[in-house]
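Shown next, in structure tokens, is the structure this report addresses.
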Amino acid sequence: MWWRAAAASAALVLLASVTWVLSAAAVPECSVLQVRNRGGPSAAYRVDFPAATSTRLDPPGYRLNALGYAASQHLVYAVGDGGRAVALTADGQARELGPIRAGREGTWWYPLSTPDAGAISGNRWYLAESGYLYTVDVRPGSRTFLEVLSMVAIEDRSWRSFDDFDVDPVDGELYGIGTTRTGASALVRLDRGSGRVAEVVDVPQLPPLSYGSVVIGSDRALYVTANESGGMYRVERGGAVTRLATVLPMLSSDAAGCLSGEAPPPVPPPTSSTTTSPTSTTSPTTTPSPVPTPTTTTRPPSSPASEPEPTPEPSSEPPLRTSAKPGNFAPPTQERDAESSGHSTGEKRRWALAALVLLIGGSAAVRRLAR
């Protein structure tokens, strides 16, 4: 009967193999661009999940963080030192775009310097720094490109760390791995409008570490990387955890994806000097915009609709935003002279001369009478 036992064992092994293959095939692939920081400029990798295989890319030349993937542009946006935006292609080619600027009255010129979390939904780049969530415009050609559109305080009083997030492809909210003050790990959701952090499910299988890289796949599973240990995990929405691989520990990391396989378009050009920014000797060289016609001139503007945007003088405070554009003023009208009453200047002189003659004659007559 030994052959029956052998056959049964072989059948179990075959069934287990088929089950593993089917479960692996059911997990969609997700390729991400990841940066790992161990001091100095970042090292860039392309990581293919769920296999978690890493391919080293050319060094970007910047220390990067807060990555976000703009799927419609096939570009990854990142923040370098000093709050300057950098665009990266899927193969790691980097190009600096310029500083992220304040776009609202009452904020700083450069409100961001070293954000530690980032994600993109459509053409909106969500960045977290110092307890605030910023929304930045990354729509190419927009007048507010790389400007902060809004900001909200993150209400995370009960969380000790919340280092990265990504946009869920279904509900559009931000999700990441947080660590409570008691040292427990949990899947959390960040509301983009209110800044409120809410726990979704406990994840006790995850070590209570800093998870600087968070990417959400098409099946809503999170691929996360622990900075201190280098462990890579797959976290399902219900809280199940699968350890995928281990890389060298790092000071910080960030990732963005899932990357599409289409060829990327040209990288957006650096921000033009016509946008509002303080004087800088390292700003990109662009053709200066013509200075608008002063509003005190009596000549009407030639074409208000095509009037170029003005170049405001930089100052320590951001300029006030107004709805009216320079050059859209009506030409000044000539007011009637306050002394004009229908008489010409020559006529006024003749009357004055006549009055003077009468005054002299009257004086002479009074003197004669007095004698």
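The values are calculated or read from the model by the stated rules, or taken from the named source; none is laboratory data. All values reported here derive from a predicted model rather than from experimental measurement. For neighbour counting, all protein chains shown are included, and Cβ atoms are generated from backbone atoms with ideal geometry for every residue, glycine included. Surface accessibility is based on the protein's heavy atoms, side chains included, excluding ligands, DNA and RNA. Shrake-Rupley method; radii C 1.70, N 1.55, O 1.52, S 1.80 Å.
For region 27-46, how many residues meet the condition of being open to solvent by 20 Å² or more (accessible area, probe 1.4 Å) and either of a type in the set (Phe, Trp, Tyr) or not in a strand (DSSP E or B) (or both)?
So the count comes out to 8.
In this structure, does residue 241 turn out to be at pLDDT 95 or above, open to solvent by 20 Å² or more (accessible area, probe 1.4 Å) and farther than 20 Å from residue 90 by Cα?
Considered against the rule, which asks whether it is at pLDDT 95 or above, open to solvent by 20 Å² or more (accessible area, probe 1.4 Å) and farther than 20 Å from residue 90 by Cα, residue 241 comes out as yes.
For residue 133, only one of the following conditions fails: (1) modelled with pLDDT of 95 or more; (2) part of a strand (DSSP E or B). What is its number?
(1)
Among the candidates 219, 254, single out the residue that is under 29 Å from the mean Cα position of the chain (by Cα) and open to solvent by 40 Å² or more (accessible area, probe 1.4 Å).
Exactly one residue qualifies, and that residue is 219.
Which one of the conditions (1) part of a loop (DSSP other than H, G, I, E, B); (2) on the phi > 0 side of the Ramachandran plot does residue 66 fail to meet, given that it meets all the rest?
Unmet for residue 66, out of (1) part of a loop (DSSP other than H, G, I, E, B); (2) on the phi > 0 side of the Ramachandran plot: (1).
Any idea which of (1) touching a Ser or Thr at 6+ places or on another chain (Cβ under 6 Å); (2) crowded, with 18+ Cβ neighbours inside 10 Å is the one residue 224 doesn't satisfy?
Residue 224 satisfies all of (1) touching a Ser or Thr at 6+ places or on another chain (Cβ under 6 Å); (2) crowded, with 18+ Cβ neighbours inside 10 Å except (1).
Report, by residue number, each residue of region 193-207 that is open to solvent by 30 Å² or more (accessible area, probe 1.4 Å) and over 25 Å from the mean Cα position of the chain (by Cα).
199, 200, 201, 202, 204, 205, 207
Can you find a residue that is over 26 Å from residue 137 (Cβ atoms) and open to solvent by 30 Å² or more (accessible area, probe 1.4 Å) anywhere in region 164-181?
There is at least one residue in region 164-181 that is over 26 Å from residue 137 (Cβ atoms) and open to solvent by 30 Å² or more (accessible area, probe 1.4 Å).
If you go through region 34-46 one residue at a time, do you hit one that is under 23 Å from residue 127 (Cβ atoms), free of Cβ contacts under 8 Å to residues at least 24 places away in the same chain and among the aliphatic types (A, V, I, L, M)?
Taking every residue of region 34-46 in turn, at least one turns out to be under 23 Å from residue 127 (Cβ atoms), free of Cβ contacts under 8 Å to residues at least 24 places away in the same chain and among the aliphatic types (A, V, I, L, M).
Return the only residue of 289, 280, 210 being surrounded by 17 or more Cβ atoms within 10 Å (Cβ to Cβ), farther than 18 Å from residue 70 by Cα and modelled with pLDDT under 95.
210
Are any residues in region 173-187 in contact with a Gly (Cβ under 9 Å, 6 or more places away or on another chain) and either of a type in the set (Gly, Ala, Ser) or at pLDDT below 90 (or both), and if so, which ones?
185, 186 - these are the residues of region 173-187 that are in contact with a Gly (Cβ under 9 Å, 6 or more places away or on another chain) and either of a type in the set (Gly, Ala, Ser) or at pLDDT below 90 (or both).
Which of the residues belonging to region 182-192 are open to solvent by 10 Å² or more (accessible area, probe 1.4 Å) and either touching a His at 6+ places or on another chain (Cβ under 6 Å) or within 19 Å of residue 216 (Cβ to Cβ) (or both)?
189, 191, 192
What tally of residues in region 63-82 results from selecting those that are over 14 Å from residue 113 (Cα atoms) and open to solvent by 10 Å² or more (accessible area, probe 1.4 Å)?
Number of matching residues: 5.
For a quick check of your reading of the model, give me the residue pairs whose first member lies in region 179-190 and is within 12 Å of residue 206 (Cβ to Cβ), whose second is open to solvent by 30 Å² or more (accessible area, probe 1.4 Å) and not in a strand (DSSP E or B), with beta-carbon atoms closer than 6 Å and at least 6 apart or on different chains.
Cβ pairs passing all conditions: 179/208; 183/208; 185/208.
Of everything in region 52-74 that's within 16 Å of residue 213 (Cα to Cα) and among the hydrophobic types (A, V, I, L, M, F, W, C), which residue is farthest from the chain's Cα centre (by Cα)?
52
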